[in-house]
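Remarks on the structure that follows.
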Amino acid sequence: MRSKTMLLLVLALGCGLVASVGISQMLQKTDAPAGDTSPVWVVKTDIKRNDALTVQNLNLEQWPKEKIPPGALGKLEEIEGKRARVNLYAGEAVLDKKLLTKDELTASWKIPKDFRLYTVQGDPLSSQGGLLHPDDRVDVLVFVAKANGIAMTGAKTILQDIRVFAVNDQVQTTDDKAAESIAAKTVTLLVTPSQAEKLVLASEIGKIKLVMRSGDDSGAIGRDGVTMNDLFTPEKADRDHEDMNPPANAKPGLTALLNQQIQQPTAASPAPQPEQIAPPETFAMQVIRGTEITEADFRRKIDDPTHWENASSTVISGGSQSPSEPDASLPVTGNNTLKLPPMGPKANDTKPGPSPSGSGRT
């Protein structure tokens, strides 16, 4: 009896010891410091192969460090722009080896939504002498010759500011190759579906040519195209406009001069000078009354240049030779004025002048 009691007592003590150890371990895990966990991207919904990783199909969770598998990703930049290499399932950690990098993606996955790729046959001209690189911008021109259904030979810009997606099989330009030229065999353009249709039609009726434009120039041009009639009309280049980095000693262009004039304060206008009044025109006329000869001076009226007025008269023979007041008996019109032609004799002319009756003597 005693042996059985002792056995049960030992068994109970052993079970209690095991239970206390287990509880102690659980409490230690619960009270573990926050530094023992790290963020991990976890698949929220199943992701198919080649599908993009987004915040909609992933969760960022805190996992204990000892449970994080090697190669697990926990930063946003580590998954941004990447796609699944294999199928991923909900609940698993996102591993680097299960993802495709941007360089590993095929061209079809790099095309933006609602866009298409159209490839133009390359040559030294269409590749701008080897200067054309991916992500450059071009205008697309078509040349057509007079033929069935085409009224005249001409060229026209049909697409503007188009992005170069690839030159040959090179989709992007690395820093160490940015200055190198590319011998283009093909040039692939990024276009919309409607632009692709226009390119197909243009390639069937004529020849497509590419014209490189500045990366900063996104403006549209309103060209009507050129025909043979326009070909021999000369056009002059605008040096001020085309010079992006003028030399330090270069003279400012027309635009710069105009801007300087606008910014400079306007000089004060000189004070108006009093109007100079020209001396009146005059002429002399001799009037004979018997033995008395009187010389009368006439001058053109300022307020009415078509009339002359009697200024003074002087007896030069047969009486006292002295100036006198205008003689009211002289043949004049109202207010001692005489109607004469607009242009009379020169001033102080001593020759007899015209009289109202047409004779210089009376």
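The values are calculated or read from the model by the stated rules, or taken from the named source; none is laboratory data. No experiment lies behind these values; they were computed from the predicted model shown. Heads up, the Cβs are rebuilt from the backbone with ideal geometry, glycines too, and the neighbour counts pull from every protein chain shown. In case anyone asks, the SASA skips ligands and DNA or RNA and just uses the protein heavy atoms, side chains included. Shrake-Rupley method; radii C 1.70, N 1.55, O 1.52, S 1.80 Å.
Per-structure values
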| read-out | value |
| --- | --- |
| Flag for LYS198 being at pLDDT 80 or above, closer than 30 Å to LEU231 by Cβ, of a type in the set (Lys, Arg) and surrounded by 13 or more Cβ atoms within 10 Å (Cβ to Cβ) | yes |
| Only one of SER108, SER126 that is at pLDDT below 85, open to solvent by less than 50 Å² (accessible area, probe 1.4 Å) and closer than 29 Å to VAL187 by Cα | SER126 |
| Residue in the stretch 142-165 that is part of a loop (DSSP other than H, G, I, E, B), over 30 Å from LEU231 (Cβ atoms) and at pLDDT below 90 present | no |
| Of residues in the stretch 91-105 being in a helix (DSSP H, G or I) and modelled with pLDDT of 90 or more, the one surrounded by the fewest Cβ atoms within 10 Å (Cβ to Cβ) | LYS97 |
| Residues of the stretch 201-225 satisfying the condition of being farther than 19 Å from ASP135 by Cα and either more than 24 Å from the chain's Cα centre (by Cα) or open to solvent by less than 50 Å² (accessible area, probe 1.4 Å) (or both) | LEU201, ALA202, SER203, GLU204, ILE205, GLY206, LYS207, ILE208, GLY225 |
| Number of positions in the stretch 53-82 that are outside any strand (DSSP E or B) and open to solvent by 90 Å² or more (accessible area, probe 1.4 Å) | 9 |
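So that you can scan it fast, the table gives a plain yes or no per residue for (1) touching a strand residue (DSSP E or B) at 6+ places or on another chain (Cβ under 7 Å); (2) among the hydrophobic types (A, V, I, L, M, F, W, C); (3) in contact (Cβ under 8 Å) with a residue 60 or more places away in the chain; (4) under 24 Å from GLN170 (Cα atoms):
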residue: GLN62; (1), (2), (3), (4): yes, no, no, no
residue: GLU66; (1), (2), (3), (4): no, no, no, no
residue: GLU80; (1), (2), (3), (4): no, no, no, yes
residue: VAL94; (1), (2), (3), (4): yes, yes, no, no
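Yes/no matrix, rows are residues, columns are (1) modelled with pLDDT under 75; (2) at positive phi:
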{"residue": "THR30", "(1), (2)": "yes, no"}
{"residue": "THR37", "(1), (2)": "no, no"}
{"residue": "LYS44", "(1), (2)": "no, no"}
{"residue": "ILE47", "(1), (2)": "no, no"}
{"residue": "ASN50", "(1), (2)": "no, yes"}
{"residue": "ALA72", "(1), (2)": "no, no"}
